[in-house]
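The values are calculated or read from the model by the stated rules, or taken from the named source; none is laboratory data. Because the structure is predicted, anything quoted here is derived from the model rather than measured. Here the Cβ positions follow ideal geometry from the backbone for every residue, glycine too, while neighbour counts run over all protein chains shown. Protein only, heavy atoms only, side chains kept; ligands, DNA and RNA dropped before computing areas. Shrake-Rupley method; radii C 1.70, N 1.55, O 1.52, S 1.80 Å.
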Amino acid sequence: AANGYARATGKVGVCLATSGPGATNLVTGIATAYMDSVPMVAITCNVGISLLGKDSFQEIDIAGVAMPITKYSVIVKDITVLADTLRRAFTIAKSGRPGPVLVDITKDVTAATCEYEPKTPEKIEPFTERITEEGLDHVVSMIQESKCPYIFVGGGSVISGASEEVRELAHRIQSPVCDTLMGKGAFPGTDELYTGMLGMHGTKTSNYGVTKCDLLIVLGARFSDRVTGNAAKFANHAKIVQIDVDAAEINKNVAVEYSIIGDVKEVLKRLNAKLEPMHHDEWIAKIREMKEKYPLKHEEGLTGPYVIEEIYKATDGQAIITTDVGQHQMWAAQYYKYRSPRHFITSGGMGTMGYGLGACIGAKVGVPDTPVINIAGDGCFRMNMNEIATATRYNIPIIEVVFNNHALGMVRQWQTLFYGKRYSQTILEDKVDYCKVSEAMGAKAIRVTKKEEIDDAIKTALSAEVPVVIEVVINQDDKVWPMVAPGAAIEDSFDEKDQENRIQN
């Protein structure tokens, strides 16, 4: 919830937990925030100072446990430094590349008192120290020499608030644009230059286009393996320019021709000012042909993609969409057109099942006047469905859409395609009635089993002022297309028709 709040608002999310298991239960959430660069402060408590290091009841060195998955972790043993420690925690969480900070407080400190001195919060400025005129001029010359540029937008563009600058750059140099899972909304999904997501479940147009381009401009992306496929074969015909606030990301996964270290928004402001309008009509025509030849498409009937399209129509693209992890996550990324940043909230780096419902609650608290809808699978819903009780307790009118295919769908897809249909631990053929469970926790519940029922279900949920759970029963063997096989190059993207041809041959 703290993660969802932070990503929906751009502010620092805060969560609190008690000692021992309360603290360790935060670890996955902290790691999720760390992987996705989410500003969050986790405040935990510990035993008294005299009991530290003695295996006392519910004692754990949570600052030590969290060290590899935080920007900073500390234990506070002195009440006089508590206020400054918390101030520093918020500054660290929000500055540079954002991330989680953990502050552990001993029981002595929670019970002690001292004089509190208010201070004005430190203003956090964007990181610009390493941006140089020489570097900007070099990138300008690379863009001017390019005949087939491509812009690749990552989560850093969302974090820095660079959506206007990204759009200006794309239209100024007439370049197609693709994005990562985390970069959704930084460039409008409705723009004519947008070609869709890149990578394992990216569009064929984006995958082919990046493979064929001669200049790849990377804005706040870290070259995840899910994006690059076989990194040795990634964008081999292109010079790569990487703009990122974190120097550690440069040349980490993919070697680049040139880089600028700094806040993406600030870099693009200065870069756009130096660029004259350019035209790449022939290149754009080729991209347009690919978009027409390789559109995203899905089967008829009640499918995940169809439901996402109907949600998009019903919300006019204005809802905040959170997701859990799996097939439903990819469908939500592919078929909902995100026009604005911070409208798609998902666990990217960790791929944390059970993430979505809490994130949905946090996002709705942060942005109460916007519809917030979580897209989940039945496997993910089972992990945290008790949080429906949290939503009803505080009357937070979220919408939870559960795609029920009685399976861990994404793993089953891999087992079908790459493991000879040897299905192990992925079938969830149990008797759980998710609607009854949801109603028992105080929510309104709707079950959808026919295509004709989804429109009324969505409209009912959007007009309700209480938490609503929509269970959508879909086919167990529905798949996410297109796809890149593990270890393959992204240009080897294949869809259902390609798969059928391979089997026949």
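I'd like to verify a number: residues in region 359-373 that are farther than 21 Å from ALA162 by Cα and buried (at least 24 other Cβ atoms within 10 Å of the Cβ), how many? Give the steps one after another, and end with the answer.
The first filter runs over region 359-373 and keeps only residues farther than 21 Å from ALA162 by Cα, leaving 359-362, 364-365, 368-373.
When the remaining residues are screened for being buried (at least 24 other Cβ atoms within 10 Å of the Cβ), the result is 359-362, 364, 372-373.
Here the count works out to 7.
Six or more apart or on different chains, Cβ under 8 Å: which pairs go from a residue in region 124-135 that's closer than 15 Å to ALA247 by Cα to one that's open to solvent by 70 Å² or more (accessible area, probe 1.4 Å)? Could you list them?
Final answer for the pair search is ILE131/ARG270.
Scanning for something in a strand (DSSP E or B), touching a strand residue (DSSP E or B) at 6+ places or on another chain (Cβ under 8 Å) and either surrounded by 21 or more Cβ atoms within 10 Å (Cβ to Cβ) or modelled with pLDDT of 95 or more (or both), does region 425-438 turn up at least one residue? Talk me through it step by step, then tell me what you get.
First, the residues of region 425-438 that are in a strand (DSSP E or B): 427.
Next, only the ones that are touching a strand residue (DSSP E or B) at 6+ places or on another chain (Cβ under 8 Å) stay: 427.
Filter again for either surrounded by 21 or more Cβ atoms within 10 Å (Cβ to Cβ) or modelled with pLDDT of 95 or more (or both), leaving none.
Looking for residues that are in a strand (DSSP E or B), touching a strand residue (DSSP E or B) at 6+ places or on another chain (Cβ under 8 Å) and either surrounded by 21 or more Cβ atoms within 10 Å (Cβ to Cβ) or modelled with pLDDT of 95 or more (or both), one finds none in region 425-438, hence no.
Pairs please, first residue from region 306-329 and without any contact (Cβ under 8 Å) to a residue 12 or more places away in the chain, second anywhere and not in a loop (DSSP other than H, G, I, E, B), Cβ atoms under 9 Å, 6+ apart in sequence or on different chains.
Filtered contacts from region 306-329: LYS313/ASP455; LYS313/ILE458.
Restricting to region 374-404, give me the number of residues that are in a loop (DSSP other than H, G, I, E, B) and open to solvent by less than 10 Å² (accessible area, probe 1.4 Å). Walk me through it before giving the result.
First, the residues of region 374-404 that are in a loop (DSSP other than H, G, I, E, B): 385-386, 394-398.
Keeping just the survivors that are open to solvent by less than 10 Å² (accessible area, probe 1.4 Å) gives 398.
Residues that pass the stated criteria total 1.
If you scan region 13-40, which residues turn out to be surrounded by fewer than 21 Cβ atoms within 10 Å (Cβ to Cβ) and among the aliphatic types (A, V, I, L, M)?
Listed by number, the residues that qualify are VAL14, LEU16, ALA17, VAL27, ALA31, MET35.
Considering only residues of region 49-87 that are in a loop (DSSP other than H, G, I, E, B) and closer than 22 Å to ALA31 by Cβ, which is most open to solvent (accessible area, probe 1.4 Å)?
Keep residues of region 49-87 that are in a loop (DSSP other than H, G, I, E, B), which gives 52-61, 66, 70-71, 77-78.
If we keep only those that are closer than 22 Å to ALA31 by Cβ too, we end up with 58-61, 66, 70-71.
Working: GLN58: 72, GLU59: 48, ILE60: 57, ASP61: 101, ALA66: 1, THR70: 12, LYS71: 79 Å².
Of everything passing the filter in region 49-87, ASP61 is most open to solvent (accessible area, probe 1.4 Å).
Would you check which residues across region 45-73 are polar (S, T, N, Q) and more than 20 Å from TYR355 (Cα to Cα) and list them?
The first filter runs over region 45-73 and keeps only residues polar (S, T, N, Q), leaving 46, 50, 56, 58, 70, 73.
ASN46, SER50, SER56, GLN58, SER73, listed by residue number.
Could we say that MET330 is open to solvent by 10 Å² or more (accessible area, probe 1.4 Å), in contact with a helix residue (DSSP H, G or I) (Cβ under 6 Å, 6 or more places away or on another chain) and on the phi < 0 side of the Ramachandran plot here?
Values: open to solvent by 10 Å² or more (accessible area, probe 1.4 Å): yes; in contact with a helix residue (DSSP H, G or I) (Cβ under 6 Å, 6 or more places away or on another chain): no; on the phi < 0 side of the Ramachandran plot: yes.
So MET330 does not fit the description; no.
Within region 1-48, count every residue that is part of a loop (DSSP other than H, G, I, E, B), hydrophobic (A, V, I, L, M, F, W, C) and under 24 Å from the mean Cα position of the chain (by Cα).
Within region 1-48, the first condition is being part of a loop (DSSP other than H, G, I, E, B), and the residues that meet it are 1, 10-12, 18-20, 25-26, 36-39, 47-48.
Next, from what is left, pick out any that are hydrophobic (A, V, I, L, M, F, W, C): 1, 12, 26, 38, 47.
Then keep just the ones that are under 24 Å from the mean Cα position of the chain (by Cα); that gives 1, 12, 26, 38.
Residues meeting the conditions: 4.
List every residue pair whose Cβ atoms sit under 9 Å apart, with the two residues 6 or more apart in sequence or on different chains, where the first one lies in region 485-505 and is in contact (Cβ under 8 Å) with a residue 60 or more places away in the chain and the second, anywhere, is open to solvent by 90 Å² or more (accessible area, probe 1.4 Å) and among the polar types (S, T, N, Q).
ALA489/ASN236
Filter the helices (runs of 4 or more DSSP H) completely within region 212-295 down to those with at least 2 residues that are touching a helix residue (DSSP H, G or I) at 6+ places or on another chain (Cβ under 9 Å) and open to solvent by 20 Å² or more (accessible area, probe 1.4 Å).
On the way: elements: 225-228, 264-274, 281-293.
Ranges flagged: 264-274, 281-293.
Is it true that SER493 is of a type in the set (S, T, N, Q) and within 29 Å of PRO368 (Cβ to Cβ)?
Values: of a type in the set (S, T, N, Q): yes; within 29 Å of PRO368 (Cβ to Cβ): no.
Here the answer is no, as SER493 does not meet what is asked.
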